[in-house]
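Peer 1: Would you mind keeping the following structure in view while I ask a few things?
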Amino acid sequence: MEGNLPMLKLSRAPVVKAEMLIRKPAEDVFEAFANPDVTTQFWFTKSSGRLEAGKRVRWDWEMYGVGDELVVTAFEPNRRIAARWASDGTTVEWTFEEREGQGTLVTIANEGFSGTGDEVAAQAIDAMGGYTMVLCGAKALLEHGVRLNAVADKAPDANVG
C-alpha cells in the first residue's frame, strides 16, 4: 500500500519553531547556548569554541560519531543568535525574550530545508523533535541542575561509544 501513496507536495517551505519558557534571566539562558561549557551538558558533547559573531564553530555528538559546523551570522548578547549549518545550509535562530517575573522564553526557528516534499517534511519533523529535546534539556539543567541526557538517550542503539 505504501508504494501507492502520492508524493507529498509542499506549497511553501516549512519553518520549524520550538519554544520553551526557562525560569531564569535571559543573561543566564543566553550564556547556556553561547558557552559550550554549559551547552555540552544538555546538547552536543564537544565544541571548538564559544559562539561569537562571524565565528565558525564545530560541534560534535561523540555518542553518535557525528559533527557539524555552523557559522554565526548574528550575535546579540542576551537577545539573539543566528547561524547557518555547514552540512545542509539551513539556518537557525535562537531568540531570548525575558518576561518579567517569569523567566526567558527561548524560541528556536530552523528553516531552509531542501529536497523533495517528503524529504523536506522528514527534515522538519526531525528538527522539531531535536530542538524540543534541546530546550527540555536546557530547562532541566538551568532550573533544576539536572542533566537529562535526552539527546544521548534518544537513540541509544545508535550510540557508537
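Peer 1: Taking the range 132-141 as the region of interest, how many residues are open to solvent by 20 Å² or more (accessible area, probe 1.4 Å) and closer than 14 Å to Phe44 by Cβ? Spell out how you get there, then give the answer.
Peer 2: Of the range 132-141, the ones open to solvent by 20 Å² or more (accessible area, probe 1.4 Å) are 132-133, 136, 139, 141.
From the residues that got through so far, the ones that are closer than 14 Å to Phe44 by Cβ too are 133, 141.
Number satisfying all stated conditions: 2.
Peer 1: Something else about it: Give the residue that is nearest to the chain's Cα centre (by Cα), with candidates limited to residues of the range 145-158 that are aliphatic (A, V, I, L, M) and either open to solvent by less than 50 Å² (accessible area, probe 1.4 Å) or more than 14 Å from Thr39 (Cα to Cα) (or both). Walk me through it before giving the result.
Peer 2: First pass over the range 145-158, keeping only residues aliphatic (A, V, I, L, M): 146, 148, 150-152, 155, 158.
Okay, now just the ones that are also either open to solvent by less than 50 Å² (accessible area, probe 1.4 Å) or more than 14 Å from Thr39 (Cα to Cα) (or both), so 150-152, 155, 158.
Numbers: Ala150: 13, Val151: 11, Ala152: 14, Ala155: 17, Ala158: 19 Å.
If we take residues in the range 145-158 being aliphatic (A, V, I, L, M) and either open to solvent by less than 50 Å² (accessible area, probe 1.4 Å) or more than 14 Å from Thr39 (Cα to Cα) (or both), then Val151 is nearest to the chain's Cα centre (by Cα).
Peer 1: Here is a further query. Cβ-Cβ under 9 Å, sequence separation 6+ or interchain: first residue in the range 80-95 and of a type in the set (Ser, Thr, Tyr), partner outside any strand (DSSP E or B). Which pairs?
Peer 2: Thr90/Gly112; Thr90/Phe113; Thr90/Ser114; Thr90/Gln123; Thr90/Ala127; Thr91/Gly112; Thr95/Arg79
Peer 1: I'd like the full set of residues that are more than 14 Å from the chain's Cα centre (by Cα) and among the acidic types (Asp, Glu), limited to the range 55-80.
Peer 2: Within the range 55-80, Glu62, Glu76 qualify.
Peer 1: Do you know which residues across the range 8-37 are farther than 21 Å from Thr73 by Cβ, touching a residue at least 60 places away in the same chain (Cβ under 8 Å) and assigned to a loop (DSSP other than H, G, I, E, B)?
Peer 2: Hits for the range 8-37 are Leu8, Lys9, Leu10, Arg23, Lys24, Pro25.
Peer 1: Report, by residue number, each residue of the range 113-132 that is of a type in the set (Gly, Ala, Ser) and within 11 Å of the chain's Cα centre (by Cα).
Peer 2: Here is the first cut: in the range 113-132, the ones of a type in the set (Gly, Ala, Ser) are 114-115, 117, 121-122, 124, 127, 129-130.
If the condition is that a residue be of a type in the set (Gly, Ala, Ser) and within 11 Å of the chain's Cα centre (by Cα), then Ala127, Gly129, Gly130 are the ones that fit.
So that you can scan it fast, the table gives a plain yes or no per residue for (1) open to solvent by 50 Å² or more (accessible area, probe 1.4 Å); (2) over 23 Å from Ala26 (Cα atoms); (3) touching a Leu at 6+ places or on another chain (Cβ under 8 Å); (4) hydroxyl-bearing (Ser, Thr, Tyr):
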site	(1), (2), (3), (4)
Leu70	no, no, no, no
Arg79	yes, no, no, no
Thr90	no, yes, no, yes
Glu143	no, no, no, no
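Peer 1: Right, something else. Go through (1) hydrophobic (A, V, I, L, M, F, W, C); (2) modelled with pLDDT under 95; (3) open to solvent by less than 20 Å² (accessible area, probe 1.4 Å) for Ala127 and report which single condition fails.
Peer 2: Every listed condition holds for Ala127 apart from (2).
Peer 1: Moving to a separate point now. If I filter the range 38-66 down to residues being in a strand (DSSP E or B) and of a type in the set (Phe, Trp, Tyr), which single residue comes out as most open to solvent (accessible area, probe 1.4 Å)?
Peer 2: Of all residues in the range 38-66, those in a strand (DSSP E or B) come to 46-47, 56-61, 66.
The next check asks that each one be of a type in the set (Phe, Trp, Tyr); those that pass are 59, 61.
Working: Trp59: 4, Trp61: 33 Å².
Result: Trp61.
Peer 1: Are there any pairs with C-beta distances below 9 angstrom linking a residue in the range 110-122 that is among the hydroxyl-bearing types (Ser, Thr, Tyr) to a residue that is surrounded by 14 or more Cβ atoms within 10 Å (Cβ to Cβ), with the two at least 6 apart or on different chains, and if so which?
Peer 2: Ser114/Thr90; Ser114/Val120; Ser114/Gln123
Peer 1: While we're looking at this one, here's another question. Where the second residue is among the small types (Gly, Ala, Ser) and surrounded by fewer than 20 Cβ atoms within 10 Å (Cβ to Cβ) and the first is farther than 15 Å from Val106 by Cβ and lies in the range 125-150, which pairs have Cβ atoms under 7 Å and are six or more apart or on separate chains?
Peer 2: Val146/Ala140; Leu148/Ala140
Peer 1: While we're on this one: Restricting attention to the range 5-35, and to residues there that are at pLDDT 95 or above and among the basic types (Lys, Arg), which single residue is most open to solvent (accessible area, probe 1.4 Å)?
Peer 2: Taking the candidates together, the pick is Arg23.
The values are calculated or read from the model by the stated rules, or taken from the named source; none is laboratory data. Note that the structure is predicted; figures quoted are calculated from it, not measured. Methodologically, a virtual Cβ is constructed for each residue, glycine included, from the backbone with ideal geometry; neighbour enumeration extends over all protein chains shown. Quick note on the areas: whole protein, heavy atoms, side chains included, nothing else; ligands and nucleic acids left out. Shrake-Rupley method; radii C 1.70, N 1.55, O 1.52, S 1.80 Å.
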